1. If you check ASN15, ASN108, which single one turns out to be surrounded by 19 or more Cβ atoms within 10 Å (Cβ to Cβ), among the polar types (S, T, N, Q) and away from the ligand (no atom under 16 Å from the Cβ)?
2. With the condition kept exactly as written, say whether any residue in region 343-350 is in contact (Cβ under 8 Å) with a residue 60 or more places away in the chain, assigned to a loop (DSSP other than H, G, I, E, B) and within 30 Å of the chain's Cα centre (by Cα).
3. Kindly evaluate ARG79 against the criterion of being out of contact with any Gly (no Cβ under 9 Å at 6 or more places or on another chain), charged (D, E, K, R) and without any contact (Cβ under 8 Å) to a residue 40 or more places away in the chain.
4. Could you tell me whether region 309-318 includes any residue that is in a helix (DSSP H, G or I) and of a type outside the set (Ser, Thr, Tyr)?
5. Could you please give the count of residues in region 240-267 that are closer than 19 Å to MET293 by Cα, free of Cβ contacts under 8 Å to residues at least 60 places away in the same chain and part of a loop (DSSP other than H, G, I, E, B)?
6. Can you name the residue in region 52-72 that is part of a strand (DSSP E or B) and either without any contact (Cβ under 8 Å) to a residue 60 or more places away in the chain or out of contact with any Lys or Arg (no Cβ under 8 Å at 6 or more places or on another chain) (or both) and, of all such residues, is farthest from ARG194 (Cα to Cα)?
7. Only one of (1) surrounded by 18 or more Cβ atoms within 10 Å (Cβ to Cβ); (2) more than 15 Å from the ligand (Cβ to nearest atom); (3) polar (S, T, N, Q); (4) outside any strand (DSSP E or B) is not met by SER75, so which one is it?
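The values are calculated or read from the model by the stated rules, or taken from the named source; none is laboratory data. Because the structure is predicted, anything quoted here is derived from the model rather than measured. Using ideal geometry, Cβ is built from the backbone for each residue, glycine included, and neighbour counts are taken over all protein chains shown.
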Amino acid sequence: MSPANGNPAAIAIRNVSKRFGSFTAVDNVDISVPQGAFLVLVGPSGCGKSTLLRMLAGLETPSEGEMAFMGRIVSDGTRGLVADAGARDAGLVFQSYALWPHMTVAGNIEWPLKVAKWSKADRAARVDEVLGLLGIAALKERYPAEISGGQQQRVAIARTIGPKPNILLFDEPLSNLDAKLRIEMRSELMRIHRATGATSVYVTHDQVEAMTMASHVAVLNNGKVEQFGAPLELLENPRTTFVATFLGTPPANLIEVNKSGDGLVYDGLRLADASRAEAQDGVQLLYRAHDLMVGDVEGRPTISARFEEAAPIAGRTMVTAFSNGQRLTAMADGYFRAAIGDQISLSFVNGPSAVFAMSGERIS
Ligand SMILES: Nc1ncnc2c1ncn2[C@@H]1O[C@H](COP(=O)(O)OP(=O)(O)OP(=O)(O)O)[C@@H](O)[C@H]1O
């Protein structure tokens, strides 16, 4: 449906909450994305992402708030209104493929087109088109039991995009695939998203998936949106410690420090200027892994830590070590090895990239 005037958001979620009894699974979520956006809902298990997606799909009714696609209300909690799946113009891909076992690949893809009353000729042309788009034309006459898990997932995606929905909804669609296939399918999905021109919403607990695929990311925690924005904006400008430590690879370090004189001090070591903490006495400093280097660096604060593990990444090494019971992630140039339990030096080569109150809110 075309917008009446201006450019309404392809998807607008307005103050939506969902309660199950006295439990609030989705808490006053308010986000909008433009047409063609790839919105990723990311967060730990139980944070409410699937419930939010199920409301977008029309499988759950909001307890409060409303959802609009292209300016048209599709769910309204106050009135208990939920437009059915057909009227929403949205297609859903689950993590389980749920193909119809008694139908061939072509039959599976054709079925929703039959339901939507496409002509026979149009159906045949569209089935061939999406088979080509997903690179599975050779599997056309096979049955689901005769193809691999990765191929089944492609068929499920082909079946969903067949009727050309304006909105594509994905619920952890890659979680059943092995690591290599998952990376391949990530780029495939992006290609399909662009080729269809649809607006996509994608649920995952995998922050790497979120950062690689998204045009917009909503980080959810306990049913609330902790932060919403472009992936790099969230990485460079996290508003809370939750966002700062949930996003980013390798994981970031949060170091608790206290004010002492004009400095912020960790274990007797001055790490930053006290002015960074404003009026607070104790704060948390954020250091990305590359801000903490293995070894002594002249003129930089250095601590001793107990070596735990080393993982080579692109010619460098990600090192995990413990200091005062705290897990730290640092980088070493080239390949680095030590015996578990060895004491190693870690240097803070850069200042903290952010300062947070003990409550988790950003200060500076
Ligand atoms: N039908 C239901 N009745 C009661 N509680 C529910 C229902 N559906 C979900 N919940 C609860 O709501 C919360 C959010 O669930 P949801 O499935 O949306 O989380 P999620 O972020 O998708 O988690 P996961 O990554 O584990 O799938 C959970 O605590 C869950 O137990």
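1. Going through ASN15, ASN108 in turn, just one is surrounded by 19 or more Cβ atoms within 10 Å (Cβ to Cβ), among the polar types (S, T, N, Q) and away from the ligand (no atom under 16 Å from the Cβ): ASN108.
2. yes
3. It is true that ARG79 is out of contact with any Gly (no Cβ under 9 Å at 6 or more places or on another chain), charged (D, E, K, R) and without any contact (Cβ under 8 Å) to a residue 40 or more places away in the chain.
4. no
5. Result for region 240-267: 3.
6. GLU64
7. The single condition SER75 does not satisfy is (4).
Residue-wise test of (1) without any contact (Cβ under 8 Å) to a residue 40 or more places away in the chain; (2) in contact with a strand residue (DSSP E or B) (Cβ under 8 Å, 6 or more places away or on another chain); (3) within 7 Å of the ligand (Cβ to nearest atom); (4) part of a helix (DSSP H, G or I).
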{"site": "ARG19", "(1), (2), (3), (4)": "no, yes, no, no"}
{"site": "THR24", "(1), (2), (3), (4)": "no, yes, no, no"}
{"site": "ASN28", "(1), (2), (3), (4)": "no, yes, no, no"}
{"site": "SER32", "(1), (2), (3), (4)": "yes, yes, no, no"}
{"site": "GLN35", "(1), (2), (3), (4)": "no, yes, no, no"}
{"site": "LEU41", "(1), (2), (3), (4)": "no, yes, no, no"}
{"site": "CYS47", "(1), (2), (3), (4)": "no, yes, yes, no"}
{"site": "SER50", "(1), (2), (3), (4)": "no, yes, yes, yes"}
